[in-house]
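Let me begin by presenting the structure, written as structure tokens, before commenting on it.
The values are calculated or read from the model by the stated rules, or taken from the named source; none is laboratory data. Predicted model, so just to flag it, every value in this text is computed and none were measured. Virtual Cβ from ideal backbone geometry, glycine too; neighbours counted across all protein chains shown.
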Amino acid sequence: MAKVGGLADVVGALPKYQTNAGHQVRVIVPCYDTKFKKENDFECVHWGNVQLGNFNFPFKVLKETTNKLGYELYLIEIEELFGKPNVYGYEDDIERFLSFQIATLDWITVRGEAPTIINCHDHHTGLIPFMIKYGYKYESLRNIRTVITIHNGLYQGCIGFDKLHYLPEFDLIHVGFLEWNHSLNSLAVGVKCAHAATTVSPGYLNEINISANGLEDLFKSVRSKSKGILNGIDFEVWDSHNDPMIDKKYSDKTFKAGKQKNKERLCEQFQLDPAKPLFSFIGRLFEEKGGDLLPQASALALSENFENINILILGSGNTEIEKQLIQLRNEHKGNYNVFIGYNEELAHLIYAGSDFILMPSRVEPCGLNQMYALRYGTVPIVRRTGGLRDTVIDFGDNGNGICHDQASVEDMCYSINRAVKLYDDKINFSKIIKKGMATDHSWERVCQEYIEIYNLIIEKNEI
């Protein structure tokens, strides 16, 4: 329906597996102007008006009629605010996501059947636990338990107190729950007021106690109601044995021939040499993901290895980084290429056809690319941070990948040089690939961890 990063993968998959486990799950998201919305059928099940101070926004609740995603999907349509091409990044994002939260609760109050649990995701839904607890018009929802899942604590949805009147009325004695560092901090509100807080990996839970863009003390104070749950991946979508998007399907027993066939297709498409090790990057080209390191690291790695490697980049983001990566294409034809943008089918082919995936992230709360890579027999090269530390162990320690400690060009190139030597050691390289493909990152396991938290806060009001 809408995808910017890993949050979409989680919200797209976790409810499906919770439904398969016998629970009734509904997903509610804003109605974005996307291809999915245009190509699928929806019915209007409710309509109303959101009041933000003196502003009034009509809204509709649309239900996807076929449950094609494996669960009930509802869209909150507020045409004036969300009828735009992008998910985030507008001057009125405060109004957009606050109106979405209010419309959602307004609808739930009149549905006649309140949920037992509401699992909020990131700051865009962080005010829901507060409004349920203290909003006058949501008194009928007081028994609902809330969980907030933090996918990225750097983004916090700060709102000036000049917009406090946008919120539905509440007793001002509770205004302290809204404040953090002299602003209304949506993520902090969710963490304070939810019955439980989760992060998308145990490693990231530890990291945000040390570095969380000003919320470190808050996360330390709620540690007793917090848990890190490593994300899973959808094995129905990410499966080299049954993937319709790749050229040649393969298993952990046939990966040599299968990966080589996909590599040949990929190299033909991007004018690369399939006889050389292929290093790829898939992701957003921002400093957070180490995207700013890619131009210099790619140029240096190609130079150090006398152009005996291939590098392929798939991504978009910072325009200056994009320009530098495009320029490299002219300087290293036949060994390097770049696709600016995102293409789901191409991403699947890159996972299947590459030998190594580069993930030099400065911040990676969980990371899914390394899990996809392992599933497809592609060795991840990662910086030890967040979920990457939890999922990738260096092959020197009998692990499944290649790790370094610093988000730097030097560390990246050192790891690439180690990878070239590993690639030439065919026996050990095959062992590491098999080990990666056998790793269990299924959503079935993750689903049970979430359900355990839900049950604990229903029974004891705590985890």
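A few remarks follow.
- I102 being touching a Lys or Arg at 6+ places or on another chain (Cβ under 8 Å), farther than 13 Å from V29 by Cβ and buried (at least 19 other Cβ atoms within 10 Å of the Cβ): no
- Members of segment 349-368 that are assigned to a loop (DSSP other than H, G, I, E, B) and within 19 Å of the chain's Cα centre (by Cα): P360, S361, R362, V363, E364, P365, C366, G367, L368
Residues checked against (1) within 25 Å of E43 (Cα to Cα); (2) in contact with an Asp or Glu (Cβ under 9 Å, 6 or more places away or on another chain); (3) in the same structural domain as A212 (by TED's automatic domain parsing); (4) not polar (S, T, N, Q):
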site: Y74; (1), (2), (3), (4): yes, yes, yes, yes
site: L81; (1), (2), (3), (4): yes, yes, yes, yes
site: V87; (1), (2), (3), (4): yes, no, yes, yes
site: L98; (1), (2), (3), (4): yes, no, yes, yes
site: D122; (1), (2), (3), (4): no, no, yes, yes
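- The criterion of at least 2 residues that are within 24 Å of the chain's Cα centre (by Cα) and not assigned by TED's automatic domain parsing to the domain that holds M359 is met, among helices (runs of 4 or more DSSP H) falling completely within segment 369-463, by 443-460.
- Candidates G377, G353: the one that is touching a Cys at 6+ places or on another chain (Cβ under 8 Å), buried (at least 22 other Cβ atoms within 10 Å of the Cβ) and over 23 Å from E410 (Cβ atoms) is G353.
- Residues in segment 282-310 that are without any contact (Cβ under 8 Å) to a residue 40 or more places away in the chain and either of a type in the set (F, W, Y) or under 22 Å from A352 (Cβ atoms) (or both): 3 in all.
- Taken as a whole, segment 342-356 holds no residue that is closer than 22 Å to Q406 by Cβ, among the hydroxyl-bearing types (S, T, Y) and in contact (Cβ under 8 Å) with a residue 24 or more places away in the chain.
- Test set (1) over 30 Å from R445 (Cα atoms); (2) assigned to a loop (DSSP other than H, G, I, E, B) - F57 fails condition number: (2)
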